[in-house]
1. With point charges of +1 on the Cβ of Lys and Arg and -1 on the Cβ of Asp and Glu, referenced to the Cα centre of segment 43-183, which listed residue (F149, I115, A131) lies farthest in the positive direction of the dipole?
2. If you average over every viewing direction, what projected area does the convex hull of the Cα atoms of segment 80-183 give, in nm²?
3. Along the three principal axes, how long is segment 103-147 when you take its alpha carbons, biggest first, rounded to the nearest angstrom?
4. Compute the distance from the alpha-carbon center of segment 88-155 to that of segment 14-74, in whole Å.
5. Of the residues N95, N44, N120, which exhibits the maximal mean-square fluctuation in a Gaussian network model of the chain defined by a 10 Å Cα contact cut-off?
6. Give me the orientation-averaged projected area of the Cα convex hull of the chain, in nm², one decimal.
7. Within the chain, which whole H helices from DSSP have a Cα span along their axis of at least 15 Å and a mean Kyte-Doolittle hydropathy of 0.0 or more, if any?
8. Taking each pair of different alpha-carbon atoms in segment 1-82 once, compute 1/r for the pair, average those values, and report the inverse of that mean as the Kirkwood hydrodynamic radius in Å to one decimal.
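Derivation of every value follows stated rules applied to the coordinates shown; laboratory data play no part. Model, not experiment: these values are computed from the prediction. No Cβ is skipped: glycine too gets one built from the backbone with ideal geometry, and neighbour counts run over all protein chains shown.
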Amino acid sequence: PFDIVELMEEIEVKTGFLPNLFRVMSHRPAEFRAFFAYYNAIMNKETGRLSKADKELIIVATSVVNRCPYCVVAHGALHRIYSKKPAVADQVVVNWKLADLTDRELAMLEFALAICHSDNITEEHYQKLDAHGFDREDAWDVGMIAAFFAMSNRIAHFTDLRPNQEFYTMGRIPHEKEKTASS
């Protein structure tokens with residue numbers, strides 16, 4: 001359908017390549033639209049205390065637990081770009097508890113991973129978030145990102161979705177060098 005082709009062309013022009021997820025999800029146009037509408041609702045909202053880097057870090061940490069190479073690599077690249085910290089996502093992949101994270105980021109990931117592990121969420125979880133400046137709406141955002149990407153990770157698994165090569169260098173080398181490296 002034209003709206004999907006138009007979006008895919010826009011993404012390809014903006015990023016210089018078309019992420020494989022778009023190709024896979026375009027198999028079912030109604031599901032493509034629903035998937036990206038919800039993605040945009042939680043990832044591109046202007047309210048709350050979660051930065052784009054925070055959201056990407058949640059995705060990396062939970063996707064590691066869910067063993068999803070596509071999401072770990074793609075969202076690790078986005079975290080590098082948004083955070084301007086090229087090593088942190090890789091550190092989280094290896095061991096989030098030893099990564100160069102702030103206490104705020106540790107509290108956020110602890111909550112996200114509790115959701116990821118289907119732990120019973122208690123008042124203690126919320127208190128830890130509150131101690132680092134998060135409120136219940138922020139907790140909701142963390143939970144919804146963890147939950148949505150659990151689904152996304154499963155889609156990537158059953159479709160054998162692999163990361164585009166471009167994701168591996170994104171945020172590691174300057175953009176102009178990146179273009180010549182992938183040529």
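1. F149
2. Across all orientations, segment 80-183 yields a mean hull projection of 8.1 nm².
3. Reported extents, whole Å, longest axis first: 23, 18, 17.
4. Between the Cα centre of segment 88-155 and that of segment 14-74, the gap is 16 Å.
5. N120
6. 10.7 nm²
7. Working: long enough: 2-15 (20 Å, 0.27); 29-43 (20 Å, 0.42); 52-65 (20 Å, 0.91); 69-83 (20 Å, 0.43); 103-116 (19 Å, 0.96); 136-158 (33 Å, 0.27).
Correct list, ordered by number: 2-15, 29-43, 52-65, 69-83, 103-116, 136-158.
8. Values: mean 1/r = 0.0723 Å⁻¹.
For segment 1-82, the Kirkwood estimate is 13.8 Å.
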